[in-house]
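Have a look at the structure below before the remarks.
The values are calculated or read from the model by the stated rules, or taken from the named source; none is laboratory data. Here the structure is a predicted model, which is why all the values come from computation and not from measurement. Quick reminder, even Gly has a Cβ in these numbers, built from the backbone with ideal geometry, and neighbours come from all protein chains shown. Heavy atoms of the whole protein, side chains included, go into the accessibility calculation; ligands, DNA and RNA do not. Shrake-Rupley method; radii C 1.70, N 1.55, O 1.52, S 1.80 Å.
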Amino acid sequence: MSEKRIEISQLGEFGLIDRINRQFTLKNESSLKGIGDDAAVIQASGDECMLVSTDMLVEGIHFDLSYVPIQHLGYKAVAVNVSDIAAMNGKAEQITVSIALSNRFSVEAVDALYQGIKTACENYNVDLVGGDTTSSAAGLVISITVLGRAPKSKIVYRKGAQVNDIICVTGDLGAAFMGLQVLEREKQVFMADPGMQPSLEKYEYMVGRQLKPEARTDIVFDLEEAGVKPTSMIDVSDGLVSELFHLSRHSEVGIRIYEDKVPIDHMTFETAVEFKLDPITCALNGGEDYELLFTIRQEDQEKIKKHPDIHMIGYVHDRKNERVMITKQGNTVPLRAQGWDHFTE
Ligand code: ADP
Ligand code: MG
């Protein structure tokens with residue numbers, strides 16, 4: 001009798017999470033939202049809710065310390081967690097930090113890591129309230145859990161996008177991906193000839209976006225000021241198309257975006273061309289931008305129209321399996337998600 005074995009790559013990351021999710025049902029009334037959004041939602045007292053999210057960074061998978069300064073890594077680990085709370089329209093307040101270290105790391109390295117964590121805690125006004133420290137056979141693992149808060153009525157989920165809503169994205173896309181390409185190239189050059197000094201000046205913006213991303217807590221604040229509550233929201237961690245698919249699937253709606261509306265910084269564009277990559281593909285599928293992607297009602301359009309960092313890239317329609325992009329030439333092409341899937345890479 002042959003033993004049955006399912007490879008994880010057959011399911012992929014999302015398939016695996018779905019499989020885990022199916023085995024559990026929420027028993028406590030206070031568990032308002034479990035697996036499936038940027039953060040879990042837990043009823044605290046009255047209208048107040050707690051938001052909880054966790055993210056793990058693994059050396060060799062998510063970062064390469066040969067070109068990532070360890071203090072930047074600490075900063076990024078906090079920022080990406082705070083970003084998930086922002087994606088729920090909430091405010092991050094506390095973090096716990098767990099690390100696993102091999103004996104390759106010195107006390108100075110841990111100090112530098114926590115220097116970055118501290119800077120992020122100050123910038124985002126969050127408190128470090130605990131964690132865990134252990135050893136690892138090889139490499140560094142950082143797992144951060146963030147706790148946030150929002151009134152129940154203010155929370156925005158991945159579901160909730162309505163037909164005719166406008167799709168908005170903040171900042172610009174693809175820069176973090178291009179930053180990674182630049183760093184990888186410089187590493188190859190350096191390994192071939194250690195005397196070569198990396199020439200990163202020209203690529204400063206993109207490298208900065210890769211090494212030191214910021215959570216868009218400013219946008220959560222600006223939307224509140226403008227009196228706009230998005231109908232759905234997610235942060236762009238895996239790539240715009242991958243996140244559009246999440247909004248589409250959870251909201252059971254179709255998506256139409258316009259190529260010429262997708263925000264790409266001019267340096268990202270030029271660098272993509274230099275690397276013989278298609279700039280729009282980098283913007284659509286690059287990932288790690290940590291911008292916010294959200295939908296708003298048509299009547300709210302006026303209130304944020306003048307915001308310099310919010311771009312309206314398309315709209316929501318009723319054919320839920322139709323996720324398309326109108327190209328610059330006017331052709332309608334299906335969007336294809338190529339988010340980072342660590343199990344199939
Ligand atoms: P994000 O990209 O916003 O961090 P993920 O794609 O990592 O979200 O996770 C999607 C959802 O699946 C989240 O609700 C997360 O908490 C949940 N999740 C991920 N991995 C696991 C796991 N191993 N066990 C339980 N829930 C998980
Ligand atoms: Mg997220």
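Scanning segment 60-89 for residues that are in a helix (DSSP H, G or I) and within 16 Å of ligand 2 (Cβ to nearest atom) yields a count of 11. Residues in segment 210-220: is at least one within 30 Å of Q301 (Cβ to Cβ), at pLDDT 90 or above and touching a His at 6+ places or on another chain (Cβ under 7 Å)? No.
Filter segment 112-157 for residues that are assigned to a loop (DSSP other than H, G, I, E, B) and either at negative phi or not assigned by TED's automatic domain parsing to the domain that holds I61 (or both) and give the result. Passing the criteria: V126, S136, A137, A138, L140, I155, V156, Y157.
Within segment 229-250, which residues are of a type in the set (S, T, N, Q) and within 11 Å of ligand 1 (Cβ to nearest atom)?
Within segment 229-250, S237, S242 qualify.
Among the residues of segment 52-74, those identified as crowded, with 17+ Cβ neighbours inside 10 Å and of a type in the set (S, T, N, Q) are S53, Q71.
For segment 229-252: of the residues being outside any helix (DSSP H, G or I) and open to solvent by 10 Å² or more (accessible area, probe 1.4 Å), which is nearest to ligand 2 (Cβ to nearest atom)?
Among residues in segment 229-252 that are outside any helix (DSSP H, G or I) and open to solvent by 10 Å² or more (accessible area, probe 1.4 Å), the one nearest to ligand 2 (Cβ to nearest atom) is S237.
Of the residues M56, M50, M88, which single one is among the hydrophobic types (A, V, I, L, M, F, W, C) and closer than 30 Å to V189 by Cα?
M56
Can you spot a residue in segment 273-280 that is modelled with pLDDT of 95 or more, hydrophobic (A, V, I, L, M, F, W, C), in a helix (DSSP H, G or I) and not assigned by TED's automatic domain parsing to the domain that holds A86? Yes, that holds for at least one residue. Scanning segment 32-51 for residues being open to solvent by less than 40 Å² (accessible area, probe 1.4 Å), within 16 Å of ligand 2 (Cβ to nearest atom) and either outside any strand (DSSP E or B) or in contact (Cβ under 8 Å) with a residue 24 or more places away in the chain (or both) gives a total of 7. Selection of segment 205-228 for residues being surrounded by 22 or more Cβ atoms within 10 Å (Cβ to Cβ), more than 16 Å from ligand 2 (Cβ to nearest atom) and of a type in the set (G, A, S) yields an empty set.
Screening A272 on (1) under 26 Å from K159 (Cα atoms); (2) surrounded by 14 or more Cβ atoms within 10 Å (Cβ to Cβ) shows it passes everything except condition (1).
Please go through segment 213-244 and pick out each residue that is hydrophobic (A, V, I, L, M, F, W, C) and free of Cβ contacts under 8 Å to residues at least 12 places away in the same chain. The one that is hydrophobic (A, V, I, L, M, F, W, C) and free of Cβ contacts under 8 Å to residues at least 12 places away in the same chain: F221. With the checklist (1) crowded, with 19+ Cβ neighbours inside 10 Å; (2) under 17 Å from S232 (Cβ atoms) in hand, flag the one item M312 doesn't pass. Here M312 clears every test but (1).
Among the residues making up segment 24-52, those that are within 12 Å of ligand 1 (Cβ to nearest atom) and among the β-branched types (V, I, T) are I35, V41, V52. Considering every residue within segment 54-76, establish whether at least one is small (G, A, S) and within 27 Å of I155 (Cα to Cα). The answer is no; no qualifying residue exists. Number of residues in segment 161-204 that are in a loop (DSSP other than H, G, I, E, B), open to solvent by less than 30 Å² (accessible area, probe 1.4 Å) and over 16 Å from T271 (Cβ atoms) equals 3.
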